[in-house]
Amino acid sequence: MQCRENHYFSSMEKNLRRQFSQQFGKEALLAAAPGRVNLIGEHTDYNEGFVLPGAVDKRIYTAVSRNDKNVLNLYANQYAQQLSFPLDDIQPVDGWPTYLLGMIFFLKKLVHLEGGLDVLIDGDVPVGAGMSSSAALCCGFGFALNELFDWGLTKMELAVVGQKTEHLFAGVQCGIMDQFAVLHGKAGHLMKLDCRSMAYEYIPFDFPDYKIVLVNTMVSHSLAGTEYNIRRQQCEEGVSIMQKHFPSGHSLRDFSQEQLMKYKNDIPDPVYRRCIFIINENDRLLEGCKFLTAGDLQKFGEFMFLTHEGLSRLYEVSCPESDFLVEKSRSMPGVVGARQMGGGFGGCIINIVKEDKVENFASQIADLYERRFDKRPEVYITRIEDGVKIL
């Protein structure tokens, strides 16, 4: 497996270096930033709760070099787009370039950047599938610039810059999980991150007989940005109501299920359902980490199914396609857990599947989905890998 991984990196590196030289007439520094999965702990990050992500072997590649024109020159292989932006007045724009512009805008508040940049982007992190392609783009670019200019910024500083870019240049009020996972990933481990204190620990995910299989609904989660922000506002409303009874509480993690239920009549029903999901999800994550540490993947998988039920019925960020896939996965041989992953309203379902059942699972789930929705889902077989690196 490692040999194939090294060969893939080597081939990709050669192709990108060759193309960059043809495009810009010089050599480049290359960074590879992974997508991420989150095994459990969804929508808890912006509620100062816990998350359990891992970096995976799908990546965004960034080739970058300096220029002396104070211009950002971009080329993206995925879109066959070539664009240029002046850097003396950086503003948000439509589409993927806004992430790179945002990173430059906020980095310039921390460090000195003189001149411009030539950048080539490529990769295999599927866009709109809930694998955080935007975080991989931001963090890979930031990591490459940090190396190129020897700024000495920490990974956490780069993660915060990536989060600010999502907030103010892309308009999504995300938590810190995606950027953190891209930058701090470790092969064979998940990361239990406390999104309040930013303390984290690596949790072993050492199950060689199982694979993480993502099934893409092929439903673009276009609602996710708007609805994501609404869910965040509803959680904040719930906290504000609960603070009247428990003034020391600052986020949903500070309240128990019993406390919330006691004052249920004070809380609008949609807000109550959002809040109870988040409180239960935090509890599931902390208990789930104990199961993983003890090597009990079956118990952990049961929690994944419970998470999906909550995402669908309480947080209401699922969709008919996601619910269908989880329902079918639950009854298929070798599947220990499955749920909607990411912001919701489409994207991927994450499954943990016994390795000797993966091929049959992938074929069968795709056939069932195609018959039901008249479109064939993409299936990605992944493993937990290291975070961003310089090639």
>> Quick check: the angle from helix 297-313's long axis to the longest principal axis of the chain, C-alpha only, nearest 10 degrees?
In response: 90
>> Over 30 Å between Cα atoms: which of Lys58/Lys290; Lys164/Lys262; Lys164/Lys328 fall into that group?
In response: Lys164/Lys262; Lys164/Lys328
>> What distance in nm lies between label points placed 7 Å from Cα along the C-beta direction at Lys290 and Asn15?
In response: 4.7
>> Under 10 Å, Cα contacts only: if you run a Gaussian network model on the chain, which one of Tyr315, Tyr263, Tyr200 comes out with the highest mean-square fluctuation?
In response: Tyr263
> Using mean Cβ contacts within 10 Å as the protection proxy, how do 70-77, 212-219 order, highest first?
Replying inline: 212-219, 70-77
>> Report the gain in length on full extension from Asn280 to His112: 0.36 nm times residue separation, minus Cα-Cα distance, nm rounded to one decimal.
In response: 56.0 nm
>> For a quick check: with amide H placed at 1.01 Å from N, whose amide H comes under 5 Å from Leu72's, ignoring anything fewer than 5 positions away on the same chain?
In response: Phe85, Leu87, Leu117
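Which whole-number percent is the relative contact order of segment 210-382 (Cα, under 8 Å, 6+ apart)? Mind showing how you got there, number by number?
Working: 256 pairs, mean separation 60.9, N = 173.
Computed over segment 210-382, the figure is 35 percent.
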>> Quick query: amide H of Arg339 versus all other amide H atoms, modeled in the peptide plane; which residues come in under 5 Å with a sequence gap of 5 or more or a different chain?
In response: Ile350
> If you stretched the chain out fully between Arg372 and Glu355, how much longer would it get, using 0.36 nm times the residue separation minus the C-alpha to C-alpha distance?
Replying inline: 3.5 nm
> With θ set to phi - 60° and the Karplus curve 6.51 cos²θ - 1.76 cosθ + 1.60, what are the ³J(HN,Hα) couplings of segment 351-358 in order, to the nearest whole Hz, using x for Gly and Pro?
Replying inline: 10, 9, 10, 4, 4, 6, 10, 4
>> I'd like the Kirkwood hydrodynamic radius of segment 2-204, using the inverse of the mean 1/r over distinct C-alpha pairs, in Å.
In response: 17.2
>> Taking the Cα centroid of segment 13-52 and of segment 331-374, what is the distance between the two, rounded to the nearest whole Å?
In response: 25
>> With +1 on the Cβ of every Lys and Arg and -1 on the Cβ of every Asp and Glu, and nothing else charged, how large is the dipole of segment 178-335 about its Cα centre, in debye rounded to the nearest 20?
In response: 140
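Normalising by the residue count of segment 2-204, find the relative contact order in percent from Cα pairs under 8 Å and 6+ residues apart.
27
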> Which value, in Å³ per residue, describes the convex hull spanned by the Cα atoms of segment 222-275?
Replying inline: 71
> Whose amide H sits under 5 Å from the amide H of Glu385, counting only residues 5 or more places off or on another chain, with H placed in the peptide plane?
Replying inline: Ala55, Val56, Asp57, Gly188
> Per residue, what volume in Å³ does the Cα convex hull of the chain take up?
Replying inline: 140
> What is the packing order of peptides 378-388, 237-247, taking the mean over residues of other C-beta atoms within 10 Å and listing the highest first?
Replying inline: 378-388, 237-247
> How far is helix 269-293 tilted, in degrees, relative to the longest principal axis of the Cα atoms in the chain, given as a value from 0 to 90 rounded to the nearest 10?
Replying inline: 80
>> Using a 7 Å offset from the Cα along the Cα-to-Cβ direction at both Glu309 and Ile230, what is the distance between the two label points in nm, to one decimal?
In response: 2.5
> Taking a label point 7 Å from the Cα of Asn77 along the Cα→Cβ vector, which residues of segment 112-149 have an amide N closer than 18 Å to it?
Replying inline: 118-127, 133-134, 136-138, 140-141, 144
> In degrees from 0 to 90, rounded to the nearest 10, what is the angle of the helix 320-330 Cα long axis to the longest principal axis of the chain?
Replying inline: 70
> Across every pair of different alpha-carbon atoms, what Kirkwood hydrodynamic radius in Å does segment 210-382 reach?
Replying inline: 17.2
>> Can you give the FRET efficiency to the nearest 0.05 for Ala187 and Phe246, using r as the Cβ-Cβ distance and R₀ = 45 Å?
In response: 0.60
> So what is the relative contact order for the chain, in percent, with contacts set as C-alpha pairs under 8 Å and at least six apart?
Replying inline: 23
> How big is segment 134-249 by Rg and Dmax over its Cα atoms, in Å?
Replying inline: 17.4, 52
>> Through the Karplus equation 6.51 cos²θ - 1.76 cosθ + 1.60, θ set to phi - 60°, convert the phi angles of segment 155-171 into ³J(HN,Hα) values in whole Hz; use x for Gly and Pro.
In response: 4, 5, 4, 5, 4, 5, 4, x, 5, 4, 4, 4, 5, 9, 9, 9, x
> Under a point spin-label approximation (7 Å from Cα along Cα-to-Cβ), what is the Ile390-Gln91 distance to one decimal in nm?
Replying inline: 3.6
> Taking +1 at the Cβ of each Lys and Arg and -1 at the Cβ of each Asp and Glu, which of Trp96, Ser84, Gly171 sits farthest along the dipole of segment 78-180 towards its positive end, judged by Cα position relative to the Cα centre?
Replying inline: Gly171
>> Starting from 0.36 nm per residue, how many nanometres of slack lie between Asp124 and Ile381 once their C-alpha separation is accounted for?
In response: 91.3 nm
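Structure shown: which of Lys69/Lys109; Lys192/Lys354; Lys26/Lys108; Lys211/Lys299 lie over 22 Å apart, alpha-carbon to alpha-carbon?
On the way: Lys69/Lys109 20 Å; Lys192/Lys354 24 Å; Lys26/Lys108 25 Å; Lys211/Lys299 16 Å.
In this structure, Lys192/Lys354; Lys26/Lys108 lie more than 22 Å apart at Cα.
Read-outs throughout are calculated quantities, based only on the coordinates presented, and are distinct from any laboratory measurement. Source: prediction; values computed, not measured. FYI the Cβ positions are ideal-geometry reconstructions off the backbone, even for glycines, and counts take in every protein chain you see.
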